[in-house]
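Shown next, in structure tokens, is the structure this report addresses.
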Amino acid sequence: MAAPIDSASDVVASKTSMPSLKSLSAVSPLTLRIIAECPVTKARACDLKLPHSLVNTPVFMPVGTQGTLKGITSDQLEDLGCKICLGNTYHLGMRPGPALIEKANGLHGFMNWKRNLLTDSGGFQMVSLVELSEVTEEGVKFKSPYDGNEILLTPEKSIEIQNSLGSDIMMQLDDVVSSTVTGPRVEEAMHRSIRWLDRCIGANQNPEKQNLFAIIQGGLSADLRKTCLDEMTKRDVPGFAIGGLSGGEEKDDFWRMVTLSTDHLPRHKPRYLMGVGYAVDLVVCVALGCDMFDCVFPTRTARFGSALVPWGSLQVKQKQYAKDFQPIDPDCKCPTCKRHSRAYLHALFKNDTAAMHHITIHNVSYQLTLMLSARQSIIDGRFPDFVKNFMRKMYPSSDQYPSWAVDALASVNITLDQH
């Protein structure tokens, strides 16, 4: 049974050596079956078999930081067709703690979720809580935002907690630096992430039950990314994530690092692009060969009254919707759009948090449906047309197309129409 995240003073630096590089994926409970590949782009539709259910990719994974998606229940999430969602190792490790969750038969039992879970490693808090953290070879020292105590998260401790949580996919602890950082710190973080991957592999007590994914680092340097890809793919872990992006860097740099990564990642392993949730980014990065995505964006933006629609977003708090009895999106089949009007949500938002609940359901449904539509278009052999139609709806005039998206899609042989 895992203990809570340790006080820094109680932990002795680990001296683990690199584990054997035999096929780790051979014993893993994960199978990726490629159903269809777009002959024009790098897009692909896969069936990802995990312990709790089959996941159809491309897939968007909603983020439930502390064992729930804010504002909706596990049953509602299941009813939307979600097959995999996220939990946060750092926050769950702090409270309620892994010992309690393990007594509930893991995070699945604790949150009553019968489908798959992915837990992050806690490493992202090195960026999001940067004022409270310090990185050494041993691990990451944090000052707890809850009580101010100093704690140490090591690769071994991250995996120990994730083993207790029982997630279907665990993420390695990586050395995360902001995507806007340049210089020697980026190279240091990349090499340390490789070393920490080896320590995570060595610490995993459940390789037959839980899948450990590596996280490719290297900032915005093609050379560093390539070095990291070469080294990490030697480990033959069950899956790979593209990390260290979507943190404020220029979009031209973003898409080039994504496509570099998918060019060098194994074809028969899932490819997870971390922290990406804007609709345009999702569609473009499917074209660039990514399978899995996550982001807090659809749930966070719902709490501000922003509903996701094929033409961008609809701000239900705006006065123009006070007497509008249409659903958020007339073509949407989600429970919110079936039952409630823009006028109702507009009125509700002024005095009842249920409005946030209804918009959260819609936004999650929008993201899941978008990826299902992309998948079906790949299977049907019409993915380039799907992309063009999506972009045409999103941007009323072709001169509004983001130049980075135009260039990224051109790199995989999609030329956007003028209209």
Checklist outcome for this item: Filtering segment 383-419 down to residues that are of a type in the set (Val, Ile, Thr) and buried (at least 18 other Cβ atoms within 10 Å of the Cβ) yields Val387, Val412, Ile414
Checklist outcome for this item: Taking segment 75-109 and the residues there that are assigned to a loop (DSSP other than H, G, I, E, B) and small (Gly, Ala, Ser), the one that is farthest from Gln162 (Cα to Cα) would be Gly81
Checklist entry - So which residues in segment 142-152 are surrounded by fewer than 17 Cβ atoms within 10 Å (Cβ to Cβ) and in a strand (DSSP E or B)? => result Lys143, Glu150
Item to check | Answer from Asp352, Asp329 - the residue that is open to solvent by less than 60 Å² (accessible area, probe 1.4 Å) and among the acidic types (Asp, Glu) | outcome: Asp329
Next on the checklist: Can you find a residue that is more than 20 Å from the chain's Cα centre (by Cα) and either surrounded by 17 or more Cβ atoms within 10 Å (Cβ to Cβ) or not β-branched (Val, Ile, Thr) (or both) anywhere in segment 164-178?
Outcome noted: yes
Item to check | Residue count, segment 300-322 (criterion: among the polar types (S, T, N, Q) and in contact with a Gly (Cβ under 8 Å, 6 or more places away or on another chain)) | outcome: 1
Checklist entry - Just for helices (runs of 4 or more DSSP H) wholly inside segment 168-278: which have at least 2 residues that are β-branched (Val, Ile, Thr) and touching a residue at least 60 places away in the same chain (Cβ under 8 Å)? => result 251-264
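The values are calculated or read from the model by the stated rules, or taken from the named source; none is laboratory data. All values derive from a computational prediction rather than experimental measurement. Cβ atoms come from the backbone with ideal geometry, glycine included; neighbour counts cover every protein chain shown. Keep in mind that these areas ignore ligands, DNA and RNA; they rest on the heavy atoms of the full protein, side chains included. Shrake-Rupley method; radii C 1.70, N 1.55, O 1.52, S 1.80 Å.
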